Amino acid sequence: MTVEPTDRGFELATPGGRFRAYADYLWNDHAYLRLGFQNAHWISDELVRTNQPWPHQLAVWKDKGVKTIVNLRGGFDASFHALEKDACRHLGLEMVDFTITSREVPIRERVIGAKQLYETIAYPALIHCKSGADRAGIMSVFYMHFRQGKTIREAVDQLNIRYLHVKQGKTGVLDYVFERYLADGEPAGMSFLDWVDSPMYDPAAMKATFRAGMIGALLTEKLLRRE
């Protein structure tokens, strides 16, 4: 579940290396947009979802009791990962990498892995992707269902415009996963996990039948440029 990154190209041991990492993070990762806006929401008393946190924001989250940081982005060679890993190490926070995508139907092992993740991490915990909208959204659905015991019909509210998730774009494939369960699995009396573990759960077929709206796709791919 946890992958040890290499952080190639962003050596933080020297002032010059740290400057280059922050410069890349600020501009190429659009971190300047997240200085005053974290898209942060406590969805229970033990889990908060946010966009990509700055190192100094991680210190604030630790002061609020957070023990574990879950990075959903991957990006093991990226500046954000180097800075985040370094900050977690200095702050004594546990950092877990659990990569998930925003435009693909998660494979069966990824869904089961999400359940196992929430069974094993130390709480309170923070999960984040880049914007806190899509990957944090689907992982929040999994959290509400697997750990909080909410039905999928209730939990899917975590994929909502109030968290900046755009259902009408290509990121709407995440919603489509749960729509297929509610249309096929729930009427058959299957639990969500049983459905995922059955031949009915076919990520490639679901991806092939999903259609994003043109305006929504323009918004997520061209204007917002969601990762």
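Side notes on the structure shown:
- Test: residue in the stretch 100-108 that is within 30 Å of Gly17 (Cα to Cα), in contact (Cβ under 8 Å) with a residue 24 or more places away in the chain and among the aliphatic types (A, V, I, L, M): yes
- For beta carbons closer than 6 Å, sequence separation of 6+ or different chains, a first residue in the stretch 154-166 that is over 25 Å from Ser191 (Cβ atoms) and crowded, with 20+ Cβ neighbours inside 10 Å and a second that is at pLDDT below 95 and of a type in the set (Gly, Ala, Ser), the qualifying pairs are Val166/Gly216.
- The residues of the stretch 51-67 that are in contact with a Lys or Arg (Cβ under 9 Å, 6 or more places away or on another chain) and outside any helix (DSSP H, G or I), listed by number, are Asn51, Gln52, Pro53, Trp54.
- Verdict on Val3 being within 28 Å of Tyr123 (Cβ to Cβ) and modelled with pLDDT of 95 or more: no
- Considering (1) out of contact with any Leu (no Cβ under 9 Å at 6 or more places or on another chain); (2) more than 30 Å from Leu58 (Cβ to Cβ); (3) at pLDDT below 95, the lone condition that Leu223 does not fulfil carries the number (2).
- Selection within the stretch 67-87 - surrounded by fewer than 23 Cβ atoms within 10 Å (Cβ to Cβ) and either over 16 Å from the mean Cα position of the chain (by Cα) or more than 17 Å from Ala136 (Cα to Cα) (or both): Lys67, Phe76, Asp77, Ala78, Lys85, Asp86, Ala87
- The stretch 38-65 - residue that is within 25 Å of His145 (Cα to Cα) and in contact with a Cys (Cβ under 8 Å, 6 or more places away or on another chain) and, of those, surrounded by the fewest Cβ atoms within 10 Å (Cβ to Cβ): Asn51
- Scope the stretch 88-98; condition under 14 Å from the mean Cα position of the chain (by Cα) and either of a type outside the set (A, V, I, L, M, F, W, C) or part of a helix (DSSP H, G or I) (or both); matching residues: Asp97
- Taking the conditions (1) over 14 Å from the mean Cα position of the chain (by Cα); (2) within 21 Å of Phe80 (Cα to Cα) in turn, Ala133 satisfies each one other than (1).
- Single condition Gly17 does not satisfy, out of (1) touching a Phe, Trp or Tyr at 6+ places or on another chain (Cβ under 8 Å); (2) at pLDDT 95 or above; (3) not in a loop (DSSP other than H, G, I, E, B): (2)
- In this entry, Arg108 is excluded by the filter for residues that are of a type in the set (D, E, K, R), buried (at least 19 other Cβ atoms within 10 Å of the Cβ) and closer than 24 Å to Phe142 by Cα.
- Considering the stretch 99-196, the qualifying helices (runs of 4 or more DSSP H), each wholly inside and each with 3 or more residues that are within 28 Å of Asp63 (Cα to Cα), run over 108-120, 135-146.
- Residue in the stretch 28-37 that is out of contact with any His (no Cβ under 7 Å at 6 or more places or on another chain), free of Cβ contacts under 8 Å to residues at least 40 places away in the same chain, assigned to a helix (DSSP H, G or I) and buried (at least 19 other Cβ atoms within 10 Å of the Cβ) present: yes
- Scanning the stretch 128-148 for residues that are surrounded by 24 or more Cβ atoms within 10 Å (Cβ to Cβ) and touching a strand residue (DSSP E or B) at 6+ places or on another chain (Cβ under 9 Å) returns His128, Cys129, Gly132, Arg135, Ala136, Gly137, Met139, Ser140, Tyr143.
The values are calculated or read from the model by the stated rules, or taken from the named source; none is laboratory data. Quick caveat: nothing in here was measured; it's all calculated off a predicted structure. All Cβ positions, even for glycine, are placed from backbone atoms using ideal geometry, and neighbour counts span all protein chains on display.
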